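Accompanying notes for the structure given below.
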């Protein structure tokens, strides 16, 4: 079934909104570039970002095109199960607040590796942490870039190759010239546009149903059957799978380098906490209203039309926008989705570049002895390397099924990065060997287990039965990372690490000496 | 009297601050687990419960799903409010006592 839609053709409104957004963000970059000279400005926006600004920027980093188009699509096609999926994406934020927000801000400088390496031997820990961090960022980037290419192709009719090049070039300009200041403001613009756009879409759906959600649900039930409003088996098949995925979503957030990096842009731990509260509010609000958009699309557009354009359901929100607000509104929503992709990729690139330059080059190759000028230069070179890598990976994985990549990024983050980060903060006996073993175990095990799990072994590689039964390996790989980290630390004491635990503790809890 | 790092870490006030911080963090994390996993396990073991109607068509699962999201935000707000009222006051008092 196919109906007339302007989707997939570059309409005047889509092009206008697209250029307006790009012009605005480039103007911001120009302004930010004049304020970006030192490493503190390049990596951490000079630590002058306010709590509200950082709250919006955190939401911008987190709410990717997958959350916007993907969850709306899931609700449109699978009903209530899409809602279950949405709740899982929020629960990491309170955990981030309770367990690491304050210490992370007090202990680190630019990257989470600063915290892990605080009192351990720099070289091995930095290398291991950079491996965990870069692996997470790369996997997340592949998911974003492939998604970006396909979405832009679908929405604007631009060929995949050009879509990748446009995303790569524009976001590279943001990061290269404007560093964290530009990236933060691009995230803020994107978060405001996304929250605003989805709010308007939600209000239009509700106005269509007499401002009464019950009437929307009635229409869903009549058109698609009551099953659409009941939990099915799309997200939660059995308890073990659901618990493991929940762990990955909850603790994966606590190991996402591009999110953790944002904590260094605010002046102190109090601002860091307040920014998480804002972010949790914005993201929670977003996940509460996005199912209304999805349900609205399933009734007003219809599942047949949605899957006719794209089987995954990603086009349900843009199609709904067209039905409710005509081609101009479709153009606006398409441009917002594009801005969403740009901003998330920019954030990831900055995080990847900081791991390359700050963790590997400055702290491993140069042993911390690099001039300010050299550090900024290396940061910019790393940005270009990472930007080219992002486009190359996007092109390489074009024809691959990358739906599992976001889940994998969260699994690697919660297994490789989070255990070492938490143990370095709370446990005096934690050693260099323990940290390295924990990070490498978490990284290798999460990647290996997902390959032999149903997610890749059956869905991607088309084998009959999986070797490892759980779809997301977090429950095994994260536990293993903790156990290995503890056992290896207990094998041999590290007196120097224990000796500096007192200074670390004072800084963790009182912020004495925090940068 | 100004305290050295070691004296500060050994002081009962500092120990109370650390244990208080982790008590709050642990309790709230456990509540978060109960709320979220309670919801997920409910879906896994008792779908009919969430499928029961509370309106003509609206199912109980819908407000419960929204409730999980709101609860997550409320827990975050409780932590921030505690940190602003109790933690920050105590931290600035102790910082003043540490030798620079």
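The values are calculated or read from the model by the stated rules, or taken from the named source; none is laboratory data. The structure displayed is predicted, hence computed values, not measured ones. When we count neighbours, we look across all protein chains shown, and the Cβ atoms used for this are built from the backbone with ideal geometry, even at glycine.
Details
- Within region A:406-430, being surrounded by fewer than 24 Cβ atoms within 10 Å (Cβ to Cβ) and in contact with a helix residue (DSSP H, G or I) (Cβ under 7 Å, 6 or more places away or on another chain) holds for A:406, A:407, A:422, A:423, A:425, A:428, A:429.
- Condition check for residue A:399: outside any helix (DSSP H, G or I) and modelled with pLDDT of 90 or more: no
- Within the option set A:57, A:72, being more than 14 Å from chain B (Cβ to nearest Cβ), at pLDDT 95 or above and surrounded by 24 or more Cβ atoms within 10 Å (Cβ to Cβ) holds for one residue only, A:57.
- Residues that are facing another protein chain (nearest Cβ under 8 Å) and buried (at least 24 other Cβ atoms within 10 Å of the Cβ), drawn from region A:99-112: A:102
- Any helices (runs of 4 or more DSSP H) falling wholly within region A:228-320 and containing at least 3 residues that are closer than 20 Å to residue B:70 by Cα and at pLDDT 95 or above: A:269-300
- Residue match in region A:465-481 (condition: over 30 Å from the mean Cα position of the chain (by Cα) and free of Cβ contacts under 8 Å to residues at least 24 places away in the same chain): yes
- Exactly one residue out of B:17, B:32 is within 18 Å of the chain's Cα centre (by Cα) and within 20 Å of residue A:90 (Cα to Cα), and it is B:32.
- Exactly one residue among A:194, A:216, A:201, A:206 is within 14 Å of chain B (Cβ to nearest Cβ) and either surrounded by fewer than 17 Cβ atoms within 10 Å (Cβ to Cβ) or in contact (Cβ under 8 Å) with a residue 12 or more places away in the chain (or both), and that residue is A:216.
- Checked against the criterion of being free of Cβ contacts under 8 Å to residues at least 40 places away in the same chain and either more than 10 Å from chain B (Cβ to nearest Cβ) or on the phi < 0 side of the Ramachandran plot (or both), region A:240-250 has at least one qualifying residue.
Here's the yes/no breakdown for (1) touching a residue at least 40 places away in the same chain (Cβ under 8 Å); (2) more than 29 Å from residue A:38 (Cα to Cα); (3) more than 10 Å from chain B (Cβ to nearest Cβ):
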{"residue": "A:262", "(1), (2), (3)": "yes, no, yes"}
{"residue": "A:284", "(1), (2), (3)": "yes, yes, no"}
{"residue": "A:298", "(1), (2), (3)": "yes, yes, yes"}
{"residue": "A:301", "(1), (2), (3)": "yes, yes, yes"}
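- Residue match in region A:76-84 (condition: closer than 22 Å to residue A:112 by Cβ and part of a helix (DSSP H, G or I)): no
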